[in-house]
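Undergrad: I'd like to ask some things about the structure below.
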Amino acid sequence: MSKKIQSANLVDTWSSSLKCPLCGSPVKVNEYAGLVCLKHHAFDFSKHGYLNLLTRPAVGKYGKFLFDARHHLITESSLYKPLHKVLRDLILKDAPEAENSWMMADLGCGEGSHLQSVLKACDLPLVTGLGLDISKEGITLAAKKYEGSIWLVGDLASLPLADRSCRVLLNILSPANYKEFTRILRQDGIIVKVVPGPGYLKELRQALYGDNEKRSYSNKHTSDLFCRHFDRLDTIQLNYRQRLNGAELQLLASMTPLAWSSDPERLQDFVRQESAWVTVDLDILVGKSDRTD
Ligand SMILES: [Zn+2]
């Protein structure tokens with residue numbers, strides 16, 4: 001079975017969780033394996049199996065090179081393994097119904113490796129993953145690498161998802177649109193947002209910008225905004241260091257926008273090291289819907 005048909009079958013079973021990105025009406029998969037809404041807006045599956053539901057052209061900031069690097073670093077190094085474990089524990093604690101089918105969406109999923117790692121760690125066979133990103137390059141790579149999840153190119157500001165369609169929402173080191181997140185989160189669902197703490201990748205920042213680097217920041221604003229939209233259940237501070245080898249340091253530099261504006265010589269010095277410790281400092285915000293209607 002082609003990837004296109006496989007994806008069309010999967011989306012068909014979840015079509016009530018989607019909506020038309022143009023007019024908001026319900027959608028279904030038609031006999032030609034395309035998605036069509038009540039008002040006849042139609043969207044084709046790509047040959048890799050994803051759907052492009054953008055209603056206007058978007059210029060992605062990030063290219064294939066960055067997503068390739070992200071894919072390799074996330075799936076082959078140990079850098080984010082502790083994060084995936086914490087997310088798994090959180091999800092199994094708050095959404096443990098292994099006997100029900102529900103949807104776990106990662107919004108701003110890039111090339112989908114975090115979502116796929118978390119799904120694998122949770123090992124809930126009835127749960128379906130849905131990854132959405134504005135970048136076609138990211139979603140193309142996700143659809144090529146990972147079967148069994150729904151991959152959508154779409155806009156956070158106008159999500160092609162039905163009201164209250166998602167049991168678990170992930171938003172990992174990526175921009176948010178809380179109005180839309182609130183709309184699609186189920187009443188019994190949880191949202192998990194991962195934001196960088198001040199020490200996140202500090203060795204890379206120090207190597208690129210020196211001691212006087214002014215790129216550290218506070219995430220208080222993000223955290224306050226989150227609490228205005230959701231009932232906060234928990235904030236987990238996750239701070240650890242992992243040792244990366246030279247090849248992994250190169251991948252890290254390739255996937256980090258920080259490196260783009262840096263001095264090329266400093267960058268070379270960083271990636272030429274045989275190995276180095278790298279700090280992962282993250283705040284994990286967990287919330288639930290505060291809507292009562
Ligand atoms: Zn429509």
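The values are calculated or read from the model by the stated rules, or taken from the named source; none is laboratory data. Small disclaimer: the values here were computed from a predicted structure and weren't measured. Note: ideal-geometry Cβ built from the backbone for every residue, glycine included; neighbour counts use all protein chains shown. These accessible areas exclude ligands, DNA and RNA; they are computed on the full protein's heavy atoms, side chains included. Shrake-Rupley method; radii C 1.70, N 1.55, O 1.52, S 1.80 Å.
Undergrad: Contact list please: Cβ distance under 6 Å, first residue in segment 84-102 and in contact (Cβ under 8 Å) with a residue 40 or more places away in the chain, second residue assigned to a helix (DSSP H, G or I), pairs at least six apart or on different chains.
TA: That search, which allows pairs on different chains as well, returns Leu87/Val118; Ile91/Cys122.
Undergrad: From the list Asp89, Asp94, Asp106, which one is on the phi < 0 side of the Ramachandran plot and crowded, with 23+ Cβ neighbours inside 10 Å?
TA: From the options Asp89, Asp94, Asp106, the qualifying one is Asp106.
Undergrad: Is one or more of the residues making up segment 216-225 of a type outside the set (D, E, K, R), at pLDDT 90 or above and crowded, with 16+ Cβ neighbours inside 10 Å?
TA: no
Undergrad: If you don't mind, another one. Can you pull out every residue in segment 42-54 that is of a type outside the set (A, V, I, L, M) and within 10 Å of the ligand (Cβ to nearest atom)?
TA: Matches in segment 42-54: Phe43 only.
Undergrad: Let me ask something else about it. Can you name the residue in segment 1-41 that is among the aliphatic types (A, V, I, L, M), within 16 Å of the ligand (Cβ to nearest atom) and closer than 15 Å to Leu152 by Cβ and, of all such residues, is surrounded by the fewest Cβ atoms within 10 Å (Cβ to Cβ)?
TA: Leu22
Undergrad: Regarding segment 74-82, can at least one residue be identified that is charged (D, E, K, R) and within 21 Å of Lys136 (Cβ to Cβ)?
TA: Scanning segment 74-82, I find no residue that is charged (D, E, K, R) and within 21 Å of Lys136 (Cβ to Cβ), so the answer is no.
Undergrad: Starting from residues that are open to solvent by less than 20 Å² (accessible area, probe 1.4 Å) and in a strand (DSSP E or B), keep the ones in segment 269-280 and report whichever is nearest to Val86 (Cα to Cα).
TA: Of everything passing the filter in segment 269-280, Val280 is nearest to Val86 (Cα to Cα).
Undergrad: Any residue at all in segment 58-66 that's within 16 Å of the ligand (Cβ to nearest atom) and either of a type in the set (S, T, N, Q) or open to solvent by less than 20 Å² (accessible area, probe 1.4 Å) (or both)?
TA: No, segment 58-66 contains no residue that is within 16 Å of the ligand (Cβ to nearest atom) and either of a type in the set (S, T, N, Q) or open to solvent by less than 20 Å² (accessible area, probe 1.4 Å) (or both).
Undergrad: Six or more apart or on different chains, Cβ under 9 Å: which pairs go from a residue in segment 23-39 that's of a type in the set (Lys, Arg) to one that's in a loop (DSSP other than H, G, I, E, B) and within 13 Å of the ligand (Cβ to nearest atom)? Could you list them?
TA: As it stands, the answer is Lys28/Leu38; Lys39/Cys20; Lys39/Leu22; Lys39/Cys23; Lys39/Ser25, since those pairs meet every condition given.
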